[in-house]
Each structure stands twice: as structure tokens, then as C-alpha cells.
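Participant: One structure, pasted below without further comment.
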Amino acid sequence: MIWTPNNINRLIELSHTKLSSTKIAIELGTTKNSVLGKLHRIKVENGHVPKPLQVRNNKRLNIGYFKAHG
């Protein structure tokens, strides 16, 4: 995709909404990586915010198992 000033302005507008980077890419007719790369290069501060990581089962690893079987 060629990033014209109009496309960049639209990207910035969409990045301040609650749309995902994939949905922004579909709206602009490009790829998610292109969207994320451009946001990074133009240093958009309030752009896309990734979802927080989820912890599985809130359990710690049993280190003793790895020491005994490692």
C-alpha cells in the first residue's frame, strides 16, 4: 500500500477507535502488519492497545518436577 496523506489521516482516526488492527487493515485495504508498522513508524501514541495477556489457571510451574526429571 502507498501511504498517502489521506490514508495516514484515516489510519490515525481509526487507530483512536476501538477497532482492532485487523479491522483497520480491512477498512484501509491493506494488511494488519502494514497498519501496525505504519503506526509504529509515525509514533502514534494513543493508537492500538493490545489485549492484556491472560494467565492460564493462575498456577505456578512445579519446578521440583523439572529438577527431578530434567
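Participant: For Glu27 and Arg41 in the same chain, what is the full-extension length gain: residue separation times 0.36 nm, less their Cα-Cα distance, in nm?
Facilitator: 3.1 nm
Participant: Taking K and R as +1 and D and E as -1, what net charge do the other residues with C-beta under 15 Å from the C-beta of Ser34 add up to?
Facilitator: Spelling it out: positives minus negatives among the neighbours equals +4.
Computed from the coordinates by the stated procedures, all read-outs in this text should not be read as laboratory data. Bear in mind the structure is a predicted one, so any value in this text is a computation, not a measurement. No Cβ is skipped: glycine too gets one built from the backbone with ideal geometry, and neighbour counts run over all protein chains shown.
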